[in-house]
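Working notes for the structure below.
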Amino acid sequence: MSSSSSSSSSSSEAVTRTVLGWSAAMMQSGVSPAGMHAFSAASAAAAEASLPSSLCATFSAVSGDIAEQLSDCLLGLGAQSVVVQEARAEGQPEQEKFGAEAGLWDSCQVLAHFPLEHNVDETVAAVQDILELPGLSFELEEVVDQEWVEQIKASYVPVQIAEGLYIVPEWSEPADPAALNIRLTPGVAFGTGEHPTTKLCLRYLAGQDLQGCSVCDYGTGSGVLAIAALLMGASSAVGTDTDPLAVRAAEANAGLNGMQGRFSVVGCGANLDDADPLLQLEPSTPRLFDVVVANILRGPLLELQPRLTAYCRPGGRLALSGILAEQAPDVVAAYSPYFEDFQVSTEGSWALVTARRKQ
Amino acid sequence: MSQAAKRKAVASIRLLINAGAAKPAPPVGPALGQAGLNIMAFCKEFNAKTADFKDVPLRVLIKVYEDKSYDWTLKGPPSSWYIKQATGLARGADRTGHETVGTISLKHLYEIAKVKAPDMPGMSLRGVVKCLMSQCQSMGVRVVERPEDA
């Protein structure tokens with residue numbers, strides 16, 4: 001079965017932001033041949049992503065009037081996602097559509113993704129009946145994960161966080177070899193360096209004296225914060241994440257930066273009821289850290305307050321992010337019984353809360 | 001086309017995502033990847049904005065513009081969620097068409113339809129109810145005429 005998720009029938013051309021093949025994207029970013037080799041090797045390592053993950057039903061030449069109803073109905077009957085795009089036959093001029101006020105294009109292409117085991121024929125028959133449509137024809141094919149995974153990977157470019165501080169993908173050459181360059185390997189874990197919260201946390205760490213410190217990175221994602229801290233002088237770090245892919249990514253990134261002996265990564269559950277992730281480490285590993293950093297979300301930060309507090313030694317430092325500016329007061333309130341010297345910094349709509357554990 | 005340069009829309013995307021749980025994996029990855037959007041940035045933004053709801057599946061509508069910018073709006077939970085709430089079910093039937101795991105009255109479906117109708121502009125209320133009935137059938141929930149029979 002074909003593995004492309006943006007197929008079109010031979011008689012029309014879908015006008016869409018098509019995903020560039022990874023090699024084209026790489027060449028545009030000026031990557032060396034050695035770098036390309038490293039990237040393809042890493043891609044091969046993600047071989048399990050080449051199994052079909054979902055079904056895609058493509059409805060071509062759907063009129064604008066019914067495309068929206070069709071989408072809502074499909075979503076209501078089990079579709080995981082529905083995309084509506086302009087369908088343009090070859091040679092025809094582009095149809096104009098502006099913002100939300102204008103109506104849909106005269107002729108649309110509707111792509112609906114379903115779980116592999118879903119009976120799409122049954123659903124489409126039901127939709128036809130509900131919307132009282134004369135006939136709906138569609139093409140069905142399996143979708144492979146690899147394409148969107150590669151799109152994420154292709155978006156990995158060197159990012160400058162601050163003066164002398166960069167995040168550099170494995171296959172790129174640092175612009176400034178003398179700077180602090182955090183190397184990251186392609187993956188789908190959060191923490192590529194682009195996000196404002198990653199930058200907020202990294203700038204905070206860069207401004208701290210981390211010599212000889214122990215660090216806990218709760219919700220480590222790619223491991224970027226823990227690894228940065230180690231490169232900045234911290235002596236050891238422990239990272240944990242609910243996503244097994246993140247755990248693997250963080251371990252790989254530790255190796256890439258020569259930190260594999262100093263960074264331990266373990267999986268954890270999503271709730272406070274779940275076992276303390278530190279229990280998976282050697283009994284001799286300290287349970288208190290000089291620095292606790294957690295770039296997650298408001299909900300988990302509030303729920304995990306007892307645990308993150310317990311991890312932070314008296315006088316130790318705390319850095320919490322992944323929250324919007326308006327969520328910062330809630331976080332400050334939750335931790336204020338045990339912490340002092342709170343500071344809130346923001347970048348755009350995102351915030352970082354830092355504090356010190358009371359003695 | 002002249003002065004007020006309106007952004008040109010190139011796609012609309014509908015998704016069901018659990019509050020606070022957007023990840024690059026399907027369904028988000030393939031749908032957003034198709035449109036060339038920054039998947040990670042959307043996931044992070046969605047999760048932060050829905051951090052207050054817990055575990056509820058939410059319908060999301062994203063309008064994508066030519067310059068790869070996008071607007072997204074949150075809509076309420078899907079029909080299946082309402083039906084599960086109404087019938088007290090944790091999940092639908094394993095073998096649809098062979099198992100009845102609950103019953104719901106037409107009146108109740110009508111009430112649910114009224115809540116959902118604003119999320120489905122362009123569909124008549126009757127169409128929404130029919131959609132719900134179809135959903136019930138696929139979940140193994142029997143629809144009865146009167147509440148007392150449910």
* Structure fact -> Going through the range B:17-32 in order, the residues found to be facing chain A (nearest Cβ under 7 Å) and in contact with a strand residue (DSSP E or B) (Cβ under 7 Å, 6 or more places away or on another chain) are B:26, B:27, B:30, B:31
* Odd one out for residue A:319 among (1) within 14 Å of chain B (Cβ to nearest Cβ); (2) assigned to a strand (DSSP E or B); (3) among the aliphatic types (A, V, I, L, M) -> (1)
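Does any residue of the range B:130-142 turn out to be more than 23 Å from residue A:121 (Cβ to Cβ), away from every other protein chain (no Cβ under 12 Å), assigned to a strand (DSSP E or B) and free of Cβ contacts under 8 Å to residues at least 60 places away in the same chain?
yes
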* To do: Considering every residue within the range B:38-45, establish whether at least one is among the charged types (D, E, K, R), more than 7 Å from chain A (Cβ to nearest Cβ) and part of a helix (DSSP H, G or I).
  => yes
* What are the pairs, 6+ residues apart or on separate chains, where a residue within the range B:47-61 that is at the interface with another protein chain (Cβ under 9 Å from one of its Cβ atoms) and under 20 Å from residue B:83 (Cβ atoms) has its Cβ under 8 Å from a residue that is among the acidic types (Asp, Glu) and not in a strand (DSSP E or B)? -> B:59/B:119
* Structure fact -> In the range A:67-84, residues that are touching a Phe, Trp or Tyr at 6+ places or on another chain (Cβ under 8 Å) and assigned to a loop (DSSP other than H, G, I, E, B) total 3
* Tell me, which residue of the range A:162-187 that is assigned to a strand (DSSP E or B) and among the aliphatic types (A, V, I, L, M) is nearest to residue A:251 (Cα to Cα)? -> A:184
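Tell me which residues, restricted to the range A:110-126, are aliphatic (A, V, I, L, M) and more than 8 Å from every other protein chain (Cβ to nearest Cβ).
A:110, A:112, A:116, A:120, A:124, A:125
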* Structure fact -> Restricting the range B:116-129 to residues that are in a helix (DSSP H, G or I) and surrounded by fewer than 13 Cβ atoms within 10 Å (Cβ to Cβ), the one nearest to the other protein chains (Cβ to nearest Cβ) turns out to be B:126
* When the range A:206-217 is examined, which residues are found to be surrounded by fewer than 24 Cβ atoms within 10 Å (Cβ to Cβ) and touching a Leu at 6+ places or on another chain (Cβ under 9 Å)? -> A:206, A:210, A:214
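Each value in this text was obtained by applying a stated rule to the coordinates, not by laboratory testing. Only a predicted model underlies this, so the values are computations on that prediction, with no experimental measurement involved. As a convention, Cβ positions derive from the backbone with ideal geometry for all residues, glycine included, and neighbour counts pool all protein chains shown.
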